[in-house]
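Taking it in order: structure first as structure tokens, then the write-up.
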Amino acid sequence: MENLEIILPEIFLSLTIMFLLLFGVFKNNSSKLIYNLTTLSLIILFALLLNLYQFSDLSIFNNSYKVDSLATFMKLLTIGSGIFVMLTSSKYIEINNINKMEYPILILSSILGMMVMISSNDLIVFYMGLELQSLALYVLASFNRENLLSTESGLKYFVLSALSSGLLLYGCSLIYGFSRSTNFNIILENSSSGQYGITFGIVFILVGLAFKISAVPFHMWAPDVYQGSPTSVTTFFAVLPKIAALSVFIRFLYVPFSEMNDQWQMIIIFLSIASMIFGAVAAIGQKNLKRLIAYSSIGHMGYALTGLAAGTNQGIQGSISYIAIYLVMNLAFFSCMFMLRRNNEYYESIEDLSGLSKNHPLLSFSLLIILFSLAGIPPLAGFFAKFYVFMAVIEQKMYFLAIVGLLSTVIAAFYYLRIIKIIYFDKEKEKFETDHHLGLKFTLAVSTIFILAYFIYPSGLTEIVSKINII
Amino acid sequence: MDFPIISSLIILPTIGALFILFTKSSNSKYQSSKYVALFISLANFILSIYLWLIFDKSSINFQFVENREWLSGFINYKVGVDGISILFILLTTFITPICIISVISTIEHRLKDFLIAILIMETLMIGVFCSLDLVIFYLFFEGGLIPMFLIIGIWGGERRVYSAFKFFLYTLLGSVLMLIAIISIYWISGTTDVEKLYEIGIREQYQKLLWLAFFSSFAVKTPMWPVHTWLPDAHVEAPTVGSVLLAAILLKMAGYGFIRFSVGLFPIASEYFVPLVFALSLIAIIYTSLVALMQEDMKKLIAYSSVAHMGFVTLGIFTMTQQGIEGSIFQMISHGLVSAALFLSVGVVYDRNHTRLIKKYGGLVTVMPKYGVVFMIFALGSLGLPGTSGFIGEFLILMGAFKKSFLVATIASLGVILGAAYILWMYKRVVFGEIIHEQIKSMKDLKKYELLILILLAIPIIFFGFYPEPLINSIEISVTSLIDNYNTNLTQSIAKK
């Protein structure tokens, strides 16, 4: 009998999904209740996972499902940001009339898929999780079905994502064919650098994964989907799938193929350099905030991948710290976006921020902190994210990557500065409403204080992350 | 554990800023904010004077060192002062209250935010001058961009957005290379603690590249020719106080960085790059003086004169002689006071006449006699007349330069003449002559607070001009040990070959 206790969170989540689904079907007008129950169940899930944190390096189901410090930490990040996404967007979905009972349930299923992805130690399990989260996301992207852009984005995401899943699956089959197994540990034993089939398999899988985290050149979907989806879903898109995909990146590259890093290192370096530069340059001309943040997240994923390219534990830890700080910055940014509301309408163009600092000094101050932090200016949290990653990269003497990365932060600083300029230097416009609900205010306050005060005690995060040793 | 005096110096302005941020002044004039800002900055000044008094001038070690675990396992929060940094701290804490007095009496538009920005700025500046760890230094050094960007952008002139962006991106671009160098030093030497690095040194084969990376950052910030173009723009568009902060303190961070890091950490590379620095400094001195001569905008003229004066500073540092380095430090302090005063003087007439063009003035002395006198003191201080602090600095630098190379010193001396030319010519056109423009006649002489801050600045300029001993005394030992360390490193390196 397997020890099912260690996957208690996943079991709990599945049961919650089924229960909420039935509950929603049989009880009318229960969407609000289900929404709150979902938030509650996520909090319970978070507590369950915290409880699990003392376990170390366990596996289950024939070693195809791992619960180690990497998995638990990434799951905590996923669920934690899931909670905050739920907290911030409750009012938004109400106003935009998308508070159907399916909405929170789809979010939960997507999170379940991510948890499976994060823990997977087997190609098939990994693919299952990936598809579960993607299917839910297709629906979520087009959830505002009366809106043309939203429908378009859902369809676009579906078609492109299906293509990338196809490639990924093909890669899986190649690897299975050449290494006689789908289990990561067995693949490690059976593979060697000389087998081209495996190299091709790695490339195909990397393409699929790069698509999920929108790394250049597989980023085409991101701007349209970010812009088209309802903002609440964009928040979700910008944060959660990236955490899951990055942890799969780590496990996939460093468990079965850690010996073959000469084969994949160049690919990662290319992906990261291309993303950093493209993300920085393409964002300059944007007018829509959501589109801009899409390009900015492309760039940020480039930095996160930079850490992986280093090929050391230090690099992995850098990437994990990066994604942790990135998600806080993004949650904070989207909380600010949810505050740009006037007469039950949300504004998302950069021009709408014009002169914001006159009427909303605190909101502008938070945006100032968040944007400087996204640009990576010390002493804000965003700087430390880059610092950790480049520590690892320079340790490996990859100076070219470091120089390109840091130079592209200068380019990226330009468009963040442009927003700050519009907020602080331009003429003011009409006031926005200020009666925001508690969850939104709370999220913004917590995340801004985290970003601002991070430098006082930076050891906190590093100490947790330094326990994650994959190699 | 003693009382953490340096950390208090760093933190105090931030506490003031937070206090201002969260208190709501009852009326729109922000009375309480004004007093808090003034009080905090004066308290900080007194604290730094106290620090200077109890500072042991005969010790070569860093004093009042605080060393705390910060980023566990990697980097410690380490601050402390030696004879060099303490002077810059004094300069910062002295200039800040002056800025605050000037701001609260001239600015009305979003005064509260301005005060917060200045106080945050003070924290960061003091942090730069006393950090003894490269990463901590970088945090403070770069953090200064944020408040300065806002000061230029919010309270600046017409082309403020362009200038603010130029300032920010230029300096950021220079600094990211320094970040790479700092991280590399960590992996090469295993620490970023400056004191430890002084002891163990950095391996010779890495020094040149690292030096260049640091240089790229400091050269932009100094600013050295040819990367000085952001400075005139930033100065012209910044509000008066922004210019004062920029000229008096921000530029000094780079000069300080050259002494502490470039010369201190990479002696072999510094020796190798001396010709480069000399060439750039001489171009800066001659070329920007000539450019300054032709300026029509007073602020731009002073901005170019800053570039020329900072050219003297870099020249002095890289003579690697006792006189040269002492002169550079002296020149930086003196320039901090003089340029601050000059920008404030320009601010005085700008507030009345709303133009900075030289040709719109003339004959000010008849309507503003007091102004004519104080402006004269600062103009003479700027050109380095004996009896003002400007003279001591330039004299020592030229002495150092003569030791090193006759040609370099001769060319640099030409710069002194040009310096006298542009500043006196400007003074003549603005203050003397007939009154041509009608609106000049209605201009009032200095108000009380203006007279107060200008006299406050004039006192040290004249005092240190006649009696430089207190300043020289405090830097002497530190400079000697710096040069000793430099020479030992050089001889060791030659002996190896």
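Nothing in this text is a laboratory measurement; each read-out follows from the coordinates by a stated rule. No experiment lies behind these values; they were computed from the predicted model shown. With ideal geometry, Cβ positions are generated from the backbone for all residues, glycine too; neighbour counts draw on all protein chains shown.
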Inter-site label distance for A:Leu148 and A:Asn343 at 7 Å from Cα along Cβ, in nm
2.3
In whole percent, the Cα-Cα distances of region B:26-134 spread across 10 Å bins from 0 upward as 14, 38, 27, 17, 5, 0
Kirkwood hydrodynamic radius for chain A: how many Å is it when counted over pairs of different Cα atoms?
22.3
Qualifying lysines (Cα of each under 29 Å from Cα of B:Lys360; at least 8 residues distant if same chain)
B:Lys166, B:Lys299, B:Lys300, B:Lys370, B:Lys428, B:Lys441, B:Lys444, B:Lys447, B:Lys448
Could you work out the pair-distance distribution P(r) of region B:165-240 from its alpha-carbon pairs, with 10 angstrom bin width and percents rounded to whole numbers?
18, 40, 24, 15, 3
Sorted from largest down, what three extents in whole angstroms do the Cα atoms of region A:48-122 have along their principal axes?
46, 21, 14
So what's the convex hull volume per residue for the Cα atoms of region B:72-189, in Å³?
114
Determine, for A:Met115, A:Met260, the number of other Cβ atoms within 10 Å of each Cβ, and report the residues in order from fewest to most.
A:Met260, A:Met115
Quick check on the exposure proxy: order A:Cys172, B:Cys99 from fewest to most C-beta atoms within 10 angstrom.
A:Cys172, B:Cys99
At 7 Å along the Cα-to-beta-carbon direction for both B:Asp445 and A:Arg180, put a label point, then send me their distance in nm to one decimal.
10.2
Can you give the extra length, in nm with one decimal, that the chain gains between B:Ser32 and B:Val367 once fully stretched, where that is 0.36 nm per residue apart less the Cα-Cα distance?
117.1 nm
What does the charge add up to near B:Leu210, with Lys and Arg as +1, Asp and Glu as -1, over the other residues with Cβ less than 13 Å from its Cβ?
+1
Let me check against my output: what whole-number percent is the relative contact order of region A:129-259, with C-alpha pairs under 8 Å and at least 6 apart?
30
So, relative contact order of region B:151-227 in percent, Cα under 8 Å, 6 or more apart, is 35
What's the extension gain from A:His437 to A:Glu259 if we count 0.36 nm per residue and subtract their Cα-Cα distance?
58.9 nm
Using a Cα-Cα cut-off of under 21 Å, which lysines could be cross-linked to A:Lys100, ignoring same-chain neighbours fewer than 8 residues away?
A:Lys27, A:Lys32, A:Lys91
Could you work out, for region A:22-155, what percent of all Cα-Cα pairs fall into each 5 Å distance bin, beginning at 0 Å and stopping at the bin that holds the largest distance?
2, 10, 17, 20, 19, 14, 9, 6, 2, 0
What's the center-to-center distance, using Cα atoms, between region A:94-151 and region B:325-389 in Å?
67
Under 16 Å from the 7 Å Cα→Cβ point of A:Leu22, by amide nitrogen: which residues of region A:101-117?
none
For chain B, what relative contact order do you get, as a whole percent, if you take Cα pairs closer than 8 Å and at least 6 residues apart?
15
Based on the Kirkwood radius over alpha-carbon pairs, what value in µm²/s does the Stokes-Einstein equation return for the translational diffusion coefficient of region B:289-374 at 37 °C and 0.692 mPa s?
228
Please give the residues of region B:198-217, grouped as numeric ranges, whose backbone N is less than 17 Å from a label point set 7 Å along the Cα-to-Cβ vector of B:Thr488.
B:198-204
At 20 °C and a viscosity of 1.002 mPa s, what translational diffusion coefficient does Stokes-Einstein give for the protein assembly as shown, taking Rh as the Kirkwood radius over Cα pairs? Give it in µm²/s as a whole number.
71
Arrange the following residues from fewest to most other Cβ atoms within 10 Å of their Cβ: B:Tyr304, B:Tyr50.
B:Tyr50, B:Tyr304
Which log10 I(q)/I(0) values does chain B give at q = 0.10, 0.12 Å⁻¹ under the Debye formula, counting every alpha carbon as one identical point scatterer?
-0.71, -1.05
Show me, for region B:361-376, the HN-Hα J-couplings you get by feeding each phi into the Karplus relation (A = 6.51, B = -1.76, C = 1.60, θ = phi - 60°), rounded to Hz, glycine and proline as x.
10, x, x, 4, 5, 6, 9, 10, x, 4, 4, x, 5, 5, 4, 4
Give me the distance in nm between label points sitting 7 Å out from Cα along the Cα-to-Cβ direction at B:Lys403 and A:Ala162, one decimal.
8.0
Here the gain from full extension of B:Met294 to B:Glu158, 0.36 nm per residue of separation minus their alpha-carbon distance, amounts to 46.8 nm
